[in-house]
1. How high is the FRET efficiency from E83 to T133, r the C-beta distance, R0 22 Å, rounded to 0.05?
2. Can you work out the FRET efficiency for the pair H40 and S63, with r the C-beta to C-beta distance and R0 = 30 Å, to the nearest 0.05?
3. From the phi angles alone, apply the Karplus equation (6.51, -1.76, 1.60; θ = phi - 60°) to the range 138-144 and give each ³J(HN,Hα) in whole Hz, x where the residue is Gly or Pro.
4. Subtracting the Cα-Cα distance from 0.36 nm times the residue separation, let me have the gained length for R54 to E144 in nm, one decimal.
5. Could you report the range 59-116's accessible area per residue, 1.4 Å probe, as an integer in Å²?
6. What's the local net charge at T47, with K and R +1, D and E -1, over the other residues with C-beta under 12 Å away?
7. Which stretch or stretches of the range 110-148 have amide N atoms under 18 Å from the point lying 7 Å from E96's Cα along the Cα→Cβ direction?
8. How compact is the range 70-120 by the rule of thumb for globular proteins, expressed as Cα Rg over 2.2 N^0.38 Å?
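The values are calculated or read from the model by the stated rules, or taken from the named source; none is laboratory data. Predicted, not measured: the structure shown is a model, and the values here were computed from it. Neighbour counts are summed over all protein chains in view; Cβ atoms, including those assigned to glycine, are modelled from backbone coordinates with ideal geometry. Remember, those area values only see protein heavy atoms, side chains included, never the ligands or the DNA or RNA. Shrake-Rupley method; radii C 1.70, N 1.55, O 1.52, S 1.80 Å.
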Amino acid sequence: MKSPLGLSLVAAALLMLAGCAEATPDGQPDSKDLFEKSRHSDRAPSTFHDDVQRESCGEIDLSQGEQIPPQQALACMDAAIGERNVELAVSSPTTEGDPIITFYRTSADASGVEMFSNGEYDKFGAGDWIQATCPATMALAVREGCKD
């Protein structure tokens, strides 16, 4: 007969391991999980939850100092501006390594790119969302930034 204490310890260990499967080595949640959590965040601007169906230009998890690869993601976004509703999701680390989740979106009836940046997971920041309108192309947005 197995002891109740032994079974409890095994159950606790399994629960701990299950929790680790969704975290990175530094203890942060996996970027795929953060993309999904961000899409459903109650703290996002109301315009983020517009219920428009969008094609995906991908989900990118950047490392410290990396930029969005121009060949695929930027080309996908630039081709959609004013033509289709698309979204590109990007996770990039702060200086301290906390994830910032940013969604770039285009729509068939707009000539630019809309950016929604989620700072909820930045332990040293304000934890707010930022919404901005970017220049006419993603290549410019990455190089020059967006305006509030």
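1. The calculated FRET efficiency here is 0.80.
2. Values: r = 26 Å, r/R0 = 0.85.
Plugging the Cβ-Cβ distance into 1/(1 + (r/R0)^6) gives 0.70.
3. Whole-Hz 3J(HN,Hα) from phi for the range 138-144: 5, 4, 5, 4, 5, 7, 10.
4. Extra length available between R54 and E144 comes to 29.9 nm.
5. I get 45 Å² per residue for this part.
6. -2
7. 118-130
8. Numbers: Rg = 12.3 Å, N = 51, 2.2 N^0.38 = 9.8 Å.
In units of the globular-protein estimate, the range 70-120 measures up at 1.26.
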